[in-house]
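Single-structure report; data block below.
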Amino acid sequence: MRFLLDNPTFAMACRQFDQAADLLELPRALRERTKWPKRMVAVAVPVRMDSGEVSVFNGYRVQHHLSLGPTKGGIRYAPGVDLGEVSALAMWMSWKCALMGLPFGGAKGGVACDPQMLSRRECEALTRRYTQELISFIGSRSDIPAPDLGTDEQIMAWMMDTYSNHAGYAVPEIVTGKPVSIGGSLGRREATGRGVAFLVNRAVEMGKLASPVRVIVQGFGNVGSHAALELARTGASIVGVSDRTGAVYRSGGIDLAGLQQHVARQGGVRGFPEAEPIDDREILLQPCDVLIPAAVERVITEDIARKVQCRILAEGANGPTTPEADEVLAERPEIFVLPDILCNAGGVVVSYFEWVQDLQSFFWSEREVYDALNRMLTDALAKILKRAEREKVSTRMAALMIGIERVAAAKKLRGLFP
Ligand code: GLU
């Protein structure tokens with residue numbers, strides 16, 4: 001399995017794990033059992049394109065560990081998806097679920113494709129065939145997919161329908177992040193972004209900075225847009241937004257409703273007339289209080305970490321900050337890091353609520369969802385701060401140590417089969 005280490009994202013996830021495992025002084029055998037992904041599947045997904053030609057896409061699903069319950073994690077549609085990236089993301093899901101006290105192991109899946117280039121019919125065909133290829137690997141008691149980069153509620157609905165047709169009855173609990181009308185949870189769509197905003201506001205309250213708060217968001221997808229909207233609603237000023245099309249900046253604050261309309265029309269933030277265009281690297285370096293990377297991995301590099309001017313780094317994305325950048329941040333105590341496995345955990349926590357609601361066929365109000373979510377985020381933040389203080393480690397290391405420790409403890413208690 002060491003072949004996976006050729007992938008920079010997997011190598012990064014392993015480096016983080018090794019650091020935390022050293023601090024925890026995990027014995028060698030337990031460390032190996034906790035680290036490596038348990039199961040991986042690679043599938044060829046043939047799709048008849050609108051042109052009449054058949055294209056074959058590469059799909060993957062990785063289940064990292066099965067010691068605490070079913071595995072849980074999103075499905076990513078993006079051109080660069082490969083087994084190493086999906087494995088790293090599955091590993092991070094394990095620590096995230098364990099940190100939040102959810103009865104899940106981590107998983108992740110993906111298809112290497114450019115969803116922007118697929119027609120709706122092609123996307124549906126790809127989703128259904130990918131689900132079909134995974135039928136014997138996923139299950140509501142074994143592995144439960146959800147949305148991630150490039151996938152959405154509609155894609156979850158097609159996955160649920162494909163799986164349910166196979167079963168012969170509706171199985172809403174096979175995926176989370178579905179539309180509410182077919183068994184989704186109220187609040188799931190906004191949960192990741194609102195969780196980010198909630199934690200930023202807690203950090204502000206803890207005296208990390210004075211309000212009003214100026215925010216820069218990288219990525220204006222489901223996570224970045226809802227984080228920005230919620231922060232704006234609670235009084236912050238969103239001064240910069242970037243996405244894969246470009247970046248825009250306005251020191252007096254960007255009108256988000258106007259930006260959303262522009263994005264709906266033009267497919268991205270580029271060209272938004274009520275803000276200045278700016279280079280997408282430069283935007284990360286502008287003065288602000290809160291910087292929210294909410295796009296992809298490894299964007300906060302060593303060089304960027306040296307130059308960022310924020311006071312809070314709120315990681316909406318998975319793995320946005322490299323270990324080299326972490327070393328720089330360790331020398332910059334004025335920057336408070338809300339690490340990814342806490343900061344973006346709102347999504348999987350509400351996915352957990354969705355799965356519980358589906359299993360019980362008993363649905364919660366949005367208020368119940370957010371009260372429970374906010375309580376869990378508050379508790380996890382407090383645990384991390386306490387651990388970081390006690391062990392004199394970064395908030396990231398504290399979060400990873402709590403997550404990894406729980407998985408390792410479960411493996412130790414359950415023992416080795418046979
Ligand atoms: N894809 C999201 C994440 O990275 C959500 C996963 C889920 O809800 O299962 O946390």
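Taking the residues in the range 323-346 that are touching a strand residue (DSSP E or B) at 6+ places or on another chain (Cβ under 7 Å) and closer than 20 Å to residue 194 by Cβ as candidates, determine which candidate is surrounded by the fewest Cβ atoms within 10 Å (Cβ to Cβ). Applying the filter and picking the extreme gives 336. If you go through the range 10-34 and keep only what is under 19 Å from residue 318 (Cβ atoms) and charged (D, E, K, R), you end up with 15, 18. On the given criteria, is residue 277 in contact (Cβ under 8 Å) with a residue 12 or more places away in the chain, closer than 25 Å to residue 78 by Cβ and away from the ligand (no atom under 16 Å from the Cβ)? Yes: the conditions hold for residue 277. Looking at residue 170, is it in a loop (DSSP other than H, G, I, E, B) and more than 19 Å from the chain's Cα centre (by Cα)? Against the criterion (in a loop (DSSP other than H, G, I, E, B) and more than 19 Å from the chain's Cα centre (by Cα)), residue 170 qualifies. Taken across the range 329-341, residues that are within 22 Å of residue 205 (Cβ to Cβ) and free of Cβ contacts under 8 Å to residues at least 24 places away in the same chain do occur, with at least one present. Taking every residue in the range 80-96 that is over 14 Å from residue 58 (Cβ atoms) and within 11 Å of the ligand (Cβ to nearest atom) and pairing it with any residue that is at pLDDT 95 or above and of a type in the set (Lys, Arg), at least 6 positions away or on another chain, the pairs with Cβ-Cβ distances below 7 Å are 89/108; 90/108; 93/72; 93/108. Candidates are the residues of the range 118-148 that are within 14 Å of the ligand (Cβ to nearest atom) and surrounded by 22 or more Cβ atoms within 10 Å (Cβ to Cβ); the one that is farthest from the chain's Cα centre (by Cα) is 138. Suppose we keep only residues that are in contact with a strand residue (DSSP E or B) (Cβ under 9 Å, 6 or more places away or on another chain) and of a type outside the set (Lys, Arg) within the range 385-409. Which one would you say is nearest to residue 312 (Cα to Cα)? Step by step, filter the range 385-409, then rank; the result is 395. Residues in the range 341-369 that are of a type outside the set (Gly, Ala, Ser), within 23 Å of residue 227 (Cβ to Cβ) and either within 15 Å of the ligand (Cβ to nearest atom) or assigned to a loop (DSSP other than H, G, I, E, B) (or both): 341, 342, 343, 344, 348, 349, 350, 352, 353, 354, 364, 369. For the range 371-395, a residue qualifies if it is within 18 Å of the chain's Cα centre (by Cα) and either under 13 Å from residue 198 (Cβ atoms) or within 16 Å of the ligand (Cβ to nearest atom) (or both), and the qualifying residues are 373, 374, 376, 377, 380, 381.
The values are calculated or read from the model by the stated rules, or taken from the named source; none is laboratory data. Computed from a predicted model, the values in this text were never measured in an experiment. We place every Cβ from the backbone using ideal geometry, glycine too, and count neighbours over all the protein chains shown.
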